[in-house]
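Written out below as structure tokens is the structure these notes cover.
Bear in mind these aren't lab numbers, they're just calculated from the coordinates by the rules spelled out. Note that this is a predicted model, so its numbers are computed, not measured. Counting neighbours? That spans all protein chains shown, and the Cβs are built from the backbone with ideal geometry, glycine included.
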Amino acid sequence: MGELDGRTALITGGASGIGAATAALFAAEGATVGVLDRAVPSGDLVYEVDVRDGDAFARAVNAFTNATGRLDILVNNAGTGDLRPMHAVDDKLWHRILDVNLTGTFNGMRAAVPLMLAAGRGVIVNNASLSGLMPTRNEAAYSAAKAGVVALTRSGALEYGPAVRVNCVAPGHVRTPLTQMLQDMPDVLAPITHAIPLRRMGEADEIAQVILFLSSDRSSYVTGQTIVVDGGGSLPQAGTDAALDDLVKRFTT
């Protein structure tokens, strides 16, 4: 018997990284899973949508709900990032990072909540970042967007309980396509992993396990919370901060 037997879940950014790991885990735990991503062709319970487009997002949510008969879980996972000094972030980049990470999460919640309220139940899990709680230098736009996701999560929990629970995960350094450049530079990565008490990056499957917990009945009395999943990396930030500063200098000097 799976943790999510008989439930339906829609996962944004579900074609790769944490989203793909979560989709696979949810399916293994008995859920009917839909994937929403910008980089996949539309198909059976797969929706090609840019989360910045609120109308397209709402259509995908409604299409999934019509196809499955219900929407029990929404995982707002889609995200994007960048690494540069704050003063070097132009208007286009600023809006892209905020629109994908923060507005995309808002669009998902706005589309899903009425359906969940009508059904009298629902769970939303948003993917923020450790950077939204403890920003490192040269990630101002990304950190601001992810901090907004944390606030949006708390607001949703306040407004939509008891029918809908809304929680958030805040991953630290995790092996995904978003961190591939860092993985490809062992000399930059080494001081980061050395500063993490568990001495390694996390894996997408490890974040998916926490998302599963927040989506299941095991967390039935948890709402409005942000769960940090970082191997203890938020305890000593100096190693990460220095390494990322060095990385930016290499590409800007």
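General remarks:
- Start at zero, step by 10 Å, and the Cα-Cα distances of segment 1-119 spread as 14, 44, 29, 10, 3, 0 percent across the bins.
- In a reduced charge model with +1 at each Lys and Arg Cβ and -1 at each Asp and Glu Cβ, segment 1-139 shows a dipole moment near 220 debye about its Cα centre.
- With N the number of residues in segment 157-211, Rg(Cα) / (2.2 N^0.38 Å) evaluates to 1.54.
- In order along segment 33-43, the Karplus-derived 3J(HN,Hα) couplings, from 6.51 cos²θ - 1.76 cosθ + 1.60 at θ = phi - 60°, round to 10, x, 10, 10, 7, 7, 9, 10, x, 5, x Hz, and Gly and Pro are given as x.
- Other residues whose C-beta falls under 13 angstrom from the C-beta of Asn167 contribute a net charge of +3, scoring Lys and Arg +1 and Asp and Glu -1.
- Distances between placed amide hydrogens fall under 5 Å for His173 paired with Gly202, all partners being 5 or more residues away or on another chain.
- The distance from the alpha carbon centre of segment 84-121 to that of segment 1-75 is 17 Å, rounded to a whole number.
- Ellipticity at 222 nm from helices only: DSSP H runs of n ≥ 4 in the chain, each -39500 (n - 2.57), divided by the residue count, give -14000 deg cm²/dmol.
- Amide H contacts under 5 Å for Leu36, placed H, 5+ residues apart: Ile11, Thr12, Gly13, Gly14, Tyr47
- Inverse mean reciprocal Cα-Cα distance (Kirkwood Rh) of segment 75-182, Å: 14.4 Å
- Charge tally around Tyr47: other residues with Cβ under 12 Å, Lys/Arg +1 each, Asp/Glu -1 each, net -3.
- Computed log₁₀ I(q)/I(0) - Debye formula, equal Cα scatterers, no solvent, segment 143-253, q 0.09, 0.15, 0.16 Å⁻¹: -0.30, -0.75, -0.82
- Distant-in-sequence amide H partners of Gly122 (H built 1.01 Å from N, under 5 Å): Arg165
- Convex hull (Cα only) mean projected area of the chain, reported in nm² to one decimal: 13.2 nm²
- Karplus-derived 3J(HN,Hα), 6.51/-1.76/1.60, for each residue of segment 160-167, Hz, glycine and proline x: 10, x, x, 5, 10, 9, 10, 9
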